[in-house]
Structures are given as C-alpha cells and as structure tokens.
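Read through the structure below, which is laid out as structure tokens, and then see the notes.
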Amino acid sequence: MKWQDTETNCQFIRGLDINIIKTRGYQIQSMSNSKAKMLPKQSCWTCKRRKIGCDRATPSCNNCIRTQRKCLGYGLQLLWPDRHDGRRRKRDPAEHRPPTTLSKSVHYGKYFLNTSLTDVDIAVSKSDGHILVDLFQQRPRCSLTLHGPFLDHEGMLLGYYENIISSMISTTQVQNGFCSTLLPMALSSQDTSALALLNAMMAVAMIHYSNSISDAISFKLKAIQNLSQSLRTGRRSICTSTSQVQLAAVMMLCVYDVFDREEHNWHIHLNGAKEIIRRERFTDTPGSSSDFLLTWWLYHDVLAAFNYPSCRLKESPGSVSTSALYAFSGDKSLIVGSLGCSVEVLEIIDKINMMRLHSAHDFLSTSTLRRCDLAMKLYNIRQLLAPIESSYSLRAHRILAIAELYRLATLLYLQRVHPIAEDDFTRPVYVQQALGVLKSLGVATSPWPVFVIACEVDEQDRVSILHTLDRMDSVRSIGNIKVLRDVIESIWKQQDLRSIGKAGQRVDWLQFVECDVPVPWFI
C-alpha cells in the first residue's frame, strides 16, 4: 500500500485477514465481505432506556459491560400497554366519562320552546304528521374527516363494548345477553359471520367512544362485507349456530344505526334480520341463545310498528313477528334486559299497534272489548325479576322501576289509541306516577316510555321531561336521544298551535308519529 503524507504502520495477522491501519490516532477496522459481521441497526434496549448512544457491539454492547449493567440485546421485545415505558405519551384507558350534570348551571331549567314559520305552516295545513317526521329524516350526512381512522386498538374497543356498551343497552347485568351470548359468538371462531359480529360490536363502541363517524365507519364497512360474504357462502350449507351469529351481526348493525343519528339504514337491517329468522326457522328451535336473539329482534320490530303500523298489513296471520312472540320458550312474566320489561308487556304493545291499524274497520263494540281486555291485563300484570338478579337490592329496584315505566306508558298508549270517557280521570294519575318513576330513576334508559309520557304531560310538567332528556343525553350520549328531543318539542308546538281557541281539547299526538319508513328514535 502507498499512503501519501501519512505515517502508517501496517500489521498483518495471519488467519484473521484483518488489516488494522493506524492513521494519526484513528483506528479503522475493515473485514472481507465473506466474513463481515452485520452490526445491529439500532441501539440495545438498555441504552435506549438510558437515552444514550450505543456502540452496537455484539453480543453485549461495551457501554453495558463498562457500567456493569445487563445488556437487554437488540431483538424484539413485547410491549405491555398497562406498563408505561416513559418513551411515549401515556394513553389513558378507554372509559366513558359523562360530562358534569347541567343541573349545576344557574340557568338550568329555563327553556324556550321556539316556534318557527314551518311549525305554523304544518299546524295551518292540518297535515297528518308525515311532514313533521320527514323534517328529521332530511339531515345531511356529516362529511368524513381527513384524519386516519382509529384502527389499531381493537382490544380496547372490545373492552369498551364489554364494560360500557353492553351494560348501557341492557337493564339486567347478571343475565346480560349482550355479554354472555354475543361475546362468545364473536370470539369463538374466525369465520366471516363471527368477524361480522365482532366488527359490528367495535363499530358501536367506536361511535360512542369517539363520537366520530369517520372512525366508526371503517368497522361498520368491514362488518357489512363479512356479513355479505357469510350470507353468500351460507346459502349452500349452514348450521344453526352460524345462522344465529349472522342474526346477531345484523341486529348489532341495527344498534349502530340507533347510536348514529345520521344513519338511515335501520329499517333495511331490521328487514334483513326478519328474513334470516324466517329462512332459518328460528321460532322452531327454542333455546337460551334463540330466546335472547328473538326478544332482541322483537323489541326493534314492535317499536318499528309503533311509528309504521301499516307494515303489519303485508304480513300473514302466521307471520314471523306473531310466531316469534308465541315461540318464546321462557317465562313471559320475567323482565328481559334487552327489552326493559317483560315479554308479556311487549306483546300487549304489539296488540295495541294492531288496534291502531284496524280501528277504522272494526266495530266499536269489538274494539272496546279488546281495549278492556288489554287494560285488565295491564292492571293485573306482574313483572318479575329472575332470582339471580334479585340479590342486588339497588339494581333490582332500578330494573323493576324501568319495567313499571313501560307498563304505565303502555296504559297511556292504549288510552290514546282507543279513548273512553273515564280516561280523563285516570290519565293524569298515570302521568304523575310515571313522572315519579322517572324522578326516582335519575337517568332513564328507555326512549319509548319517555316519549309516550312526554306527549301526555301538561304544560307545567314539560320542564321535568326536558330535565330527563338532558340527563339521558349527557350520561348515555346516544344519537337517537337527540332526535327524540327534537320530535317531542315539535309535537308540543303542534299541540299548542292547534289547541288555540279549543280549551280542554287535546291534540292526538299519534298522527305525528306515523311515517312511511320505520325509524329508530324510540329504541
């Protein structure tokens, strides 16, 4: 070798093929390509944690050897989310933190029921209510954000569903089918039907946790794709358990539509669930899982008929809705968590829906007899707790109070569908009893009885209803509650405008409920 202007000492070590070239105090080490050792691309884990430089020597770096520390090496390491390493911003665990109650505000309880020209036009035209309901369906979709979706925390979302969502949509907690039935369905296999249910669960958890459509829509689209694939492949050969998971996935998409106030596909998913029940003959295979899925679907189906009763005209006498109520294998007097009341009360609500449908065609005497029969059942009905739920006194009191709220609302609904002279004396009593139950609950969980009671209260009790809606919105934060409040206030304005000059006459609020498409506002 020839080096210019450099004092060089070269030493050849036989067998190692290493040239050590010392040039003005610097040492350069070179190796042949055949025997070169690749240095690690990153510092050892010990130096990383100390936030110092590392010479990346193997098998242990010289920094650790010199300071007599244990070198943790350069390989992969497992990261436990609950153990903060100090290198990244600490993430708080996913939890639902309701805002502070509005009742602490100085101006809380001072409401204005503003009447617009649109309200006056509807009142003057004496429309049948379709216009009023359509006002709340013509809402533009929120634009998607440019930020990426929150997709890398599926485990956190599943825990959020288990701890927050499942307890929010069921009044019973020990026998909570949204946990005990649905979670094993979603996690027991990797087929497309289970993935559809899992992604639908995470979509519901995400829309509630982040209140962002753009974050939740990715999970929803995955659920729909998985479900579509499962239904296509399932037409050739399908087992009962797979069809149950498919039904659960469709119903979870219905729940998503309840949480997302801008979504208008609830009736499509509900009809899809009905088709699965009809095709797979769920009513012929009683069991605990089938009972939970059937009652869950029935709740949505019966309340869909509440605002769209004409849908029953397309059904035969032995339709899925009717047969599902009769096929329930459990005790109909027991309170079901997914309903908030007993199956017996839900059955009466469905019969009242049918009374609305046939009231114009039935003889008055026939309709009156049917009304008396249903009223007598509601007077004498007993809604019972399962023994396993009775051991928790505070929770048991709340479950029974919610079931009683459904019974009182059903009585008021029956009086509105088929009024008689005695109702003027009993209606105020039922309303005050219901308001007392709402006050004892603190936070109501069920929109349908709150809506019925709100439509029947006098003007001086409207503030109490608005307080209830405020608490429901702040604590539960579900999309349909916001729409429900708009509908209630619009009905109040129509009652005020149409009762001008007609003292003592109450406007029939049922005309404002009916529309051409079922909506999930009362779920």
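Could the peptides 422-431, 54-63 be put in order, highest first, of the mean number of other beta-carbon atoms found within 10 Å of their residues?
Values: 422-431: 14.0, 54-63: 15.5.
Output ranking for 422-431, 54-63: 54-63, 422-431.
Contour minus end-to-end for S60 and L369, with contour as 0.36 nm per residue of separation and end-to-end as the Cα-Cα distance?
102.2 nm
On the beta carbon distance between V174 and M354, with R0 = 30 Å, the FRET formula returns roughly 0.30. Placing dummy labels 7 Å off each Cα toward the beta-carbon, the span from L394 to T118 is 4.3 nm.
Estimated from the Cβ-Cβ distance and a Förster radius of 41 angstrom, the FRET efficiency linking E275 and S333 is about 0.85.
Taking amide H as placed 1.01 Å from N in the peptide plane, the amide H of L334 sits under 5 Å from that of V343, L384, each at least 5 places away or on another chain.
Given the Cα-Cα distance of Q433 and D496 and 0.36 nm per residue of separation, how much length would full extension add, in nm?
On the way: separation 63, 0.36 × 63 = 22.68 nm, distance 2.40 nm.
Full extension from Q433 to D496 adds 20.3 nm.
The numbers here are math on the coordinates, done by the rules we state, and not lab data. Bear in mind the structure is a predicted one, so any value in this text is a computation, not a measurement. When we count neighbours, we look across all protein chains shown, and the Cβ atoms used for this are built from the backbone with ideal geometry, even at glycine.
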